[in-house]
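Only one structure is covered here, and it is reproduced in the block below.
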């Protein structure tokens with residue numbers, strides 16, 4: 001263990017580090033302020049400070065490792081051991097191409113990833129290469145180094161990537177993240193349950209009315225026709241198709257109090273009331289996808305990037321279909337993920353080389369064949385389709401043609417947190433959608 005880790009920091013240094021972490025989290029909307037949030041704020045401050053103090057100087061990227069190689073750390077969220085193994089394999093590709101670079105892999109689950117990223121990014125324990133979701137980029141932009149020069153120096157060609165997701169990873173025209181995957185949110189369905197109930201596989205043009213009839217029929221024997229979380233992202237296909245709106249207007253302003261937006265959320269709440277979807281629980285760590293894969297619900301919305309988990313976990317045949325259309329038309333939102341380099345990374349050149357491999361053609365092929373990612377690199381997309389049947393391939397292509405980029409703001413993390421805090425009661429019927437959306441809108445404006 002390093003000397004700094006054994007001796008620890010002085011109390012004054014610890015307090016300063018904690019305060020810097022607190023201010024940064026508050027500024028980015030990952031921590032909230034105000035009297036009514038103080039209990040949770042205190043807990044998050046303590047957690048973030050502990051992570052920062054516990055890791056600083058111990059696991060930071062150094063110029064060289066004991067082997068004489070340049071050592072950098074890759075940090076990415078995961079939800080299964082299969083994903084951990086997949087990313088470690090991708091990290092090993094860097095050393096295969098650049099023997100003088102060694103890439104260590106660190107991970108956290110989705111719910112803890114963003115707090116830890118911000119807590120570590122300004123410290124000596126900051127990882128160099130970090131995973132970034134397109135929707136979260138505005139909130140962590142200041143932590144990331146610009147990549148335009150790195151792209152030129154390391155032969156990362158913009159023309160190799162889907163244009164829409166590459167632009168989604170820019171801030172004010174500056175490339176901050178290189179994408180590795182993207183795709184529209186789609187409907188996952190239990191094909192075996194559909195067949196057993198005598199329900200035909202969904203067609204590309206199916207409607208929300210047909211969907212409601214289907215989930216009503218499938219809600220029997222303690223099982224549910226659908227399941228969803230209090231999730232600001234994954235409810236957007238419904239607000240689009242049922243109400244014709246996103247949470248963020250075309251002007252870029254957050255508009256959660258729009259009547260059409262609220263109306264779509266009320267429809268979701270009505271499914272819980274009717275018993276078509278289980279009641280939401282703030283205390284449960286089981287996501288909507290988890291419940292679907294466990295066979296407790298027959299449909300749910302998720303992205304194509306989770307196919308690897310679906311195939312390995314489900315004990316039934318998983319089907320994919322476009323999200324059903326409604327009065328707002330039939331559409332979905334596109335989002336994606338990629339990797340950036342932290343400003344505080346000590347090995348910027350080595351990190352850029354690693355980035356070129358992690359988002360390169362070989363990595364994209366490997367991830368696509370495993371079903372882990374629908375590649376942002378256009379040529380490698382064909383490998384992903386080897387994981388699905390012809391119907392699912394057609395469904396994804398149709399969904400990709402009927403989609404729009406998800407609009408977000410620098411306060412989006414506050415919106416996401418607000419959904420988690422207040423959405424459960426609204427969807428369960430113990431609170432109102434009006435109060436819920438008004439509160440989140442107000443918090444995001446503060």
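Readers should treat all values here as calculations from the given coordinates under stated rules, not as data from a laboratory. Predicted, not measured: the structure shown is a model, and the values here were computed from it. We place every Cβ from the backbone using ideal geometry, glycine too, and count neighbours over all the protein chains shown.
What shape does the range 359-413 take by its C-alpha gyration tensor, where a ≥ b ≥ c are the square roots of the eigenvalues and a/c under 1.5 counts as rounded, a/b above b/c as prolate, and the rest as oblate? It would help to have the intermediate numbers written out before the result.
Working: a/c = 2.52, a/b = 1.35, b/c = 1.87.
Oblate.
How high is the FRET efficiency between residue 362 and residue 192 when r is their beta carbon distance and R₀ equals 41 Å, given to the nearest 0.05?
On the way: r = 35 Å, r/R0 = 0.86.
According to the calculation, E is roughly 0.70.
Return the inverse of the average 1/r over all pairs of distinct C-alpha atoms in the range 253-356, which is the Kirkwood hydrodynamic radius, in Å to one decimal. Kindly include the intermediate steps, with their values, before the conclusion.
Working: mean 1/r = 0.0564 Å⁻¹.
One decimal place: 17.7 Å for the Kirkwood radius.
Checking the a/c ratio against 1.5 first, then a/b against b/c, what shape does the Cα gyration tensor give for the range 303-446? Spell out each step's value before the answer.
Details: a/c = 2.20, a/b = 1.24, b/c = 1.77.
Verdict is oblate for the range 303-446.
Report the extension gain between residue 100 and residue 174 in nm, rounded to one decimal, defined as 0.36 nm multiplied by the number of residues separating them, less their alpha carbon distance. Walk me through the numbers on the way to the answer.
Numbers: separation 74, 0.36 × 74 = 26.64 nm, distance 2.93 nm.
The residue 100-residue 174 span can extend by a further 23.7 nm.
Given the C-alpha centroids of the range 347-379 and the range 381-402, what is the distance between them in whole angstrom?
So the two Cα centres are separated by 20 Å.
Order the peptides 335-346, 394-405 from the highest to the lowest mean number of other Cβ atoms within 10 Å of their residues. Kindly include the intermediate steps, with their values, before the conclusion.
On the way: 335-346: 23.5, 394-405: 18.3.
Descending mean neighbour count gives 335-346, 394-405.
Based on the Cα coordinates of the range 139-216, what is the per residue volume of their convex hull in Å³?
Numbers: hull volume 13.6 nm³, N = 78.
Hull volume over Cα atoms, normalised by residue count, gives 174 Å³.
For the range 320-376, rounded, prolate or oblate, judged on the Cα gyration tensor with a ≥ b ≥ c (square roots of eigenvalues), a/c < 1.5 rounded, else prolate if a/b > b/c? The partial results should precede the final answer.
On the way: a/c = 5.30, a/b = 2.08, b/c = 2.55.
Judged from the Cα gyration tensor, the range 320-376 comes out oblate (a/c at least 1.5, b/c at or above a/b).
Want the number for residue 207 to residue 401: 0.36 nm per residue separation, take away the alpha-carbon distance, what's left?
Working: separation 194, 0.36 × 194 = 69.84 nm, distance 1.68 nm.
Here the answer is 68.2 nm.
State log₁₀ I(q)/I(0) for the range 201-258 at q = 0.12, 0.22, 0.27 Å⁻¹ as given by the Debye formula over alpha-carbon point scatterers of equal weight, solvent excluded.
Evaluating at q = 0.12, 0.22, 0.27 Å⁻¹ gives log10 I(q)/I(0) of -0.40, -0.97, -1.15.
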